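The values are calculated or read from the model by the stated rules, or taken from the named source; none is laboratory data. In this text the structure is predicted, and so the values were computed from the model without any measurement. All Cβ positions, glycine included, derive from the backbone under ideal geometry; neighbour counts span all protein chains shown.
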Amino acid sequence: VGLLLPGLVLLYLLLGIVLMALPQCRRMASIGHRAPSLVLALGSLLLLTQIGQPSAVELRWIPLLEPAALEHGRTSIYIAVIVCWSLCWAQFSTPQPVPPKGDSGLWSGWSYLLCGLAVAALTVNQFLVRVALLDLIALAIVILLALYALPSALSLKALQQFLLLRLGDLALLLMVLMLWQFSGTFHIDTALAAASASASGPPPLLLLFGLLAVGVKMGMPPFDSWLRTAMELPRGMGAWVVSGTLPLLGAYLLYRLQALIVSSYALVALALLGILYMAVGVEWLGRERATSADRQVAWLTIHGGLGVLLSGTGAMGAYVLSFLPLRMVLVMVWRPRSAPASVSAAVEAGPGLLRQFSRAVVALEERTLLPALHTLGRVARTVALRTGRLLEMDLFSRAIDWAAEGTLRFGGLLQQAHTGQIHTYVLWVTVVLGGVVLSAALLASAGGG
Amino acid sequence: MASLWLVLSLALPWVGAGAAVLMSRWRLVRIKAFSLVVVGASALALLGAVVIGHGHADLFLRTEWIPSYHAALRLELDAVSLPFALNVLGVALVTLAYAWGYFDQVAQPHLLYALLLAFIGGMLGTCLFSDAILFFICWESMLVSSSLLLVGWGEGDDTRRITQTYFVYTQAGSLLILLCLAWLIVTTGTSNMAVMAQGLAAVTPPQRALLAIGLLLGFGIKLAVVPLHVWLPDAHSIAPMPVTILLAAAMLSMGAYGIVRFPLMLLGAETIRPLEPVLLVVALGTQVYGALMCLVVRDIKRIVAYSSVSQMGYVLFGLATLSATGVAGSIMHVINHGVLKALLFMSVGIVIRATGRRQIEQLGGLGTALPRLAITLLIAAVAMAGLPPFSAFHSEWMILSGGLRSDYPLLGYLAFATPLLTAGYGLWLGFRLSSGAMPADMGVERVHPAMTWAAYGLIAVTFIEDLIPGPLYALADAAAQAILGGALR
């Protein structure tokens, strides 16, 4: 029974590889791609009976460190089940994801692979393995973006997204290594417990890098350009990437860091940051309500992110568990079959209860929402967008341009000097050294004689 | 028994080189097969020595050679020399497999292969001889054979001048090393590297520091540390691709071996400690400089050459942290760099051979024309950036962790910027070559399957090394403990 979780992960990974690798599987009818996701999602429900049970399989990937295992933690299993179901929803959502290059098996395989990696990343109990899994997920997402969202400008845009996600990966690695140094272990629970129990509290830099990693992975402004690009993916694919992969894992990472945050002054900063993001979200909703549903998905995602941040004050666990399925429903199930031109149309076409809820929200916003919140949101959004643009384009490009120019000049000077003066000097040094060595050898041999 | 295997491993490339000289009437394909068999047998012999010797230090041939300095023909395969020797033979083997397809028509093939075998033998001897004089002789034989390969079979118009530069620069380093070794031999009265440390009591701390600086400079030239790297991009870009691979993936690491063997192990970490901040800054500068140059140069072979400079910065950084984690990471990175740099050069070599072009502006659209090659290139770039599921992930986190554990953690934090740059230039190169439309005037020729299969083999190696990293960690851990004498933390 303890093999259920590793078996499930293995099945997802194997299915992904088979669907991608075998041409026959890539070409088979779409039901052949969809059905396994339903079977596996149903199987994942069995995981709920395993909560709290010990792991049956331990893997010593890196021999000098603690072995890693997939653990049946309450929250992680709950979210893992949601991930499995969200893939199922993505597979069965209509319209089907646009078959990339007429090869829908490729996308299906890729999504199964991503799902296996996400479930493993949620449940693994060793930090370094989690870092590796998150790296892989980020890489897989960038490849998806490069293949299907950015085909016309593959090189530059995909590279930007990759660098942004790599920034998050490196921040996470830095945090993990600092935690290792602090606690002497990579075991997630032990390391976090040691850090939070410390009298002096966790090092501020550790929290800073942890939150940077969370921000990038959740796609929060100003690190949201990859998330916005993911919105451009074919609908089911985009919804799956946004809902079931990195943003979710970022939220879970924040959830795991909660113990450190609560015991430190970062709590206040985060609460303030959360209010700002909330304001951005509200402002965004007002601005984008009449435009495409994809924009709305972006808003919902960011709202989720800032909601998690805000709820860091105490009710984090419950919130993490509640907002994700809700988002799934809103994004994937509730969406009408005939894709609406705007969100307003989608709201009107939706089920009655949600329509009323939605109207109530709109009424609340239009009539009673504090104007200050709007103003604050506009300012914060502008700042976030500008920072994002700076990070995404200007800062990277300019920094690299400046650095490259400087390096080129330095390299040119070196090269110039090397063909001129330095070359002569080195030649002379060689001759002189040769003479010294020869004389020393002669003297030594004369002494020996 | 293990000694016999060890002697066989070292002797085979040298004997093979001698035999190849006499093969002037042989057909090229037979010379290729002969060289491949010789290096394969040498690698097997080395593995035989490891298996039979169970990793114990194994001395061989105590025959007195220069009695006044107790110089003897002495071979030793210890925890430090083993990873370097494995890297040399592994890279050599896969390079000769690649060369099977690369050298389809070549002048004086018997001499070319004789020099290649001598080059490989020189590097192997440098790792295996535990006598300082023999170490230096092998060190010099590397330089001579590689210089002859450059001047004889170099590609381009400026081979003589570039070879002269290569020779002069590396010879300057060699002479510095020789001066320091001579000083050590005269002071300690022995050239036996194992016994030398006992005679170091007579050397005062300032003298030790001077020796350390001299040796670091000498080996730093071979390691291509900025600003002593000027010979590297030119030499790498004119050499025929198999020679470039040997230079980048195997020979550069000999500089790291020298630093480990002499300043770190012989003079001791405490001698180096005052130099630690300088070394860390130089290493960091080397990483960043190499990476930035990759973003500005336009010749794809030079881009990969500069990435070697950057990667050697990693190796030096790990060593300079003087922490067991950092040092172990560096040893591991030597092996990973060997595999990945060979892969990257092979991919770029295939591009150059298939298209006849080297300037990045004139290339593109390979994803459509040569999809497998494009995937190989992208894998090489991603792997070089230290991402799983490829082996550099392991060495990278260890080196970065070593930086945080050093006495200068701020420099450790700064080092985290380099993987970002590595990802930037690697992916930029991969995407730039793979994506977009193929230039209208660009033709694509078929390349020999040996070249592509050699690259696929390396992808498999780096993938397996990541999934089953146990042996790699065991090698690095044993080496780090031998170097610093501490546990891996």
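Assorted remarks:
- Listed by position, the helices (runs of 4 or more DSSP H) inside segment B:1-107 whose residues that are modelled with pLDDT under 85 and of a type in the set (Val, Ile, Thr) number at least 1 are B:28-53.
- Among the numbered conditions (1) in contact with a strand residue (DSSP E or B) (Cβ under 8 Å, 6 or more places away or on another chain); (2) surrounded by fewer than 22 Cβ atoms within 10 Å (Cβ to Cβ); (3) within 14 Å of chain A (Cβ to nearest Cβ), the only one that B:Leu134 does not meet is (3).
- Of the criteria (1) more than 13 Å from chain A (Cβ to nearest Cβ); (2) not charged (D, E, K, R); (3) not in a helix (DSSP H, G or I), which one B:Val226 fails: (1)
- Residues located in segment B:386-410, provided they are of a type in the set (A, V, I, L, M, F, W, C), farther than 14 Å from B:Val334 by Cβ and either more than 10 Å from chain A (Cβ to nearest Cβ) or assigned to a helix (DSSP H, G or I) (or both): B:Phe390, B:Phe393, B:Trp397, B:Leu400, B:Leu404, B:Leu410
- Near pairs, Cβ below 7 angstrom, 6+ apart or cross-chain, from segment A:174-186 (more than 7 Å from every other protein chain (Cβ to nearest Cβ)) to any residue that is β-branched (Val, Ile, Thr): A:Val176/A:Val131; A:Ser183/A:Thr190
- The residue that is modelled with the highest pLDDT, counting only those in segment A:5-31 that are in a helix (DSSP H, G or I) and more than 16 Å from A:Leu113 (Cα to Cα), is A:Ile31.
- When A:Leu48, A:Leu59, A:Leu19, A:Leu87 are checked against the criterion of being over 26 Å from B:Pro389 (Cα atoms) and among the hydrophobic types (A, V, I, L, M, F, W, C), a single residue qualifies: A:Leu48.
- The one condition in (1) in a loop (DSSP other than H, G, I, E, B); (2) within 14 Å of chain A (Cβ to nearest Cβ); (3) in contact with a Lys or Arg (Cβ under 9 Å, 6 or more places away or on another chain) that B:Glu445 fails to fulfil: (2)
- Criterion violated by A:Tyr112 - all others in (1) at pLDDT 90 or above; (2) surrounded by 23 or more Cβ atoms within 10 Å (Cβ to Cβ); (3) within 12 Å of chain B (Cβ to nearest Cβ); (4) more than 15 Å from the chain's Cα centre (by Cα) satisfied: (3)
- Wholly enclosed helices (runs of 4 or more DSSP H) of segment B:247-311 bearing at least 3 residues buried (at least 23 other Cβ atoms within 10 Å of the Cβ): B:252-259, B:276-296
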